[in-house]
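Chemist: Mind having a look at this structure? Questions to follow.
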Amino acid sequence: MSDWREEWREANRASWDERVPIHVSGEFYDVASFKAGQERLQPFEIAEVGDVSGKDLLHLQCHFGIDTLSWARRGASVTGLDFSAPAIETARQLASELGLEATFVHSDVYDAVEATGGRTFDVVYTGRGAIVWLPDIWRWARVVADLIRPGGSLYLTEFHPFTEVFGDEDLSVEHDYFQDENPRVWDEPGTYADFDAETSNNLTYEWNHTLGNVVSAISSAGLNIELLHEFDYTKFQRWPFLEKSGFDTYRLPEGTPSLPLMYSLRARKA
Ligand SMILES: C[S@@+](CC[C@H](N)C(=O)[O-])C[C@H]1O[C@@H](n2cnc3c(N)ncnc32)[C@H](O)[C@@H]1O
């Protein structure tokens, strides 16, 4: 029987590599509007991260860089890191096309300290579907803490792990909330950005890190949690019945009992 410990990284990377061009040319990321100046960051992120002008910001798992470059537009000196070579290549091209100053590093997140040459940052920004790809949240939190300079902060915004107990069609409870070290293994074509896209690298390994474990891991790594907010909306069509309100905001229909769909967390190094 195959061992996920040897396979998770290569399988996930192959899946992401194949999805980069689909995302770059699709409607979901709407790169043309981004190039024309559209804001990609959520208002709550902008408010909670605060003024970034002149600050060194590291975006972990930056995908093809449009959120990273959104922070650059706000005056941050940005570095993006991702383990997908096509993602990093596209991010570099986008930065150069837009004349934005940015560094993009090709690396696994667990090797980020070495890959960024031991630098530290004022802000480490990550999330929106990032930590679900990582087997060990405790190790991730230690890496993040090592990347932050004294007085700097981690800002994480993620899809709420509670949403993962439900199936994809309705709110019937189909999965455990709590998970041991073994991944959830999926073998599904398409992507959240285009459910009908034809893809061949479909095997992925994912871990649903509970809110309790995320908070505990960050705290154990020596960071002080300053805020933890939960939101009743999300950024993609998690279920067919979510209603789109605004460019990338999806909500439960009016009258439906509210559920936590996303959360944000800020933690600071003393
Ligand atoms: C959903 S995207 C991140 C969300 C991003 N904010 C966005 O919506 O564009 C997840 C990213 O994590 C990257 N990734 C997954 N596992 C990784 C790992 N172990 N090290 C570095 N990057 C990883 C993938 O290549 C992908 O670009």
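Chemist: Taking the DSSP beta bridges in the chain as the whole, what percent of them are antiparallel, to the nearest 5?
Modeler: 55
Chemist: List, in order, the whole-Hz ³J(HN,Hα) value for each residue of the range 162-173 obtained from phi through the Karplus relation with A = 6.51, B = -1.76, C = 1.60 and θ = phi - 60°; use x for Gly and Pro.
Modeler: Residue by residue, the range 162-173 yields 5, 5, 6, 6, 8, x, 7, 9, 8, 8, 6, 7 Hz.
Chemist: If you don't mind, there's one more thing I want to ask. Could you please state, rounded to a whole Å, how far the C-alpha centre of the range 193-270 is from the C-alpha centre of the range 2-22?
Modeler: 21
Chemist: Related question: Near Lys244, which lysines are there with a Cα under 18 Å away, not counting those fewer than 8 places off in the same chain?
Modeler: Hits, sequence-local ones excluded: Lys235.
Chemist: While we're on this one: With θ taken as phi - 60° and the coefficients 6.51, -1.76 and 1.60, list the Karplus ³J(HN,Hα) couplings across the range 201-209 in order, rounded to whole Hz; mark glycine and proline as x.
Modeler: 8, 10, 7, 9, 10, 9, 10, 8, 6
Chemist: When you have a sec, figure out the Kirkwood radius of the range 4-269 from all distinct Cα pair distances and drop it here in Å to one decimal?
Modeler: After inverting the mean inverse Cα-Cα distance, the result is 18.9 Å.
Chemist: R0 = 25 Å: FRET efficiency of Asp232 with Asp17, Cβ-based, nearest 0.05?
Modeler: Working from the Cβ atoms, E equals 0.15.
Chemist: Multiplying the sequence separation of Glu101 and Phe28 by 0.36 nm and subtracting their Cα-Cα distance, what value in nm do you get? List each step's numbers first, then the result.
Modeler: Values: separation 73, 0.36 × 73 = 26.28 nm, distance 2.49 nm.
Computed gain between Glu101 and Phe28 is 23.8 nm.
Chemist: So what's the gap between the Cα centers of the range 51-66 and the range 87-156, to the nearest angstrom?
Modeler: 8
Chemist: Here is a further query. Tell me, what is the FRET efficiency for Ala193 and Asn224 to the nearest 0.05, using R0 = 22 angstrom and their Cβ-Cβ distance as r?
Modeler: 0.05
Chemist: Can I ask one more? Among the lysines, which fall within straight-line cross-link reach of Lys269, defined as a Cα-Cα distance under 19 Å, with same-chain neighbours fewer than 8 residues apart omitted?
Modeler: Lys55
Chemist: How large is ³J(HN,Hα) for each residue in the range 118-128, as worked out from phi by the Karplus curve 6.51 cos²θ - 1.76 cosθ + 1.60 (θ = phi - 60°), to whole Hz, x for Gly and Pro?
Modeler: x, 5, 10, 10, 6, 9, 9, 10, 7, x, 6
Chemist: Non-local amide H neighbours of Val124 (under 5 Å, H modeled in plane, Pro and chain starts lacking H): which ones?
Modeler: Here the answer is Leu58, Ser153, Leu154, Tyr155, since their amide H atoms fall under 5 Å of that of Val124.
Chemist: Quick one: which residues, 5 or more positions from Leu261 or on another chain, have an amide H under 5 Å from its amide H? H modelled 1.01 Å from N in the peptide plane, none for Pro or chain starts.
Modeler: Excluding prolines and chain starts, which carry no amide H, the hits are Phe231, Asp232, Tyr233.
Just so you know, all these numbers are worked out from the coordinates, no wet-lab data involved. Treat the numbers as computed from the prediction; the structure is a model and nothing was measured. Please note: Cβ atoms are built from the backbone with ideal geometry, for glycine as well, and neighbour counts cover all protein chains shown.
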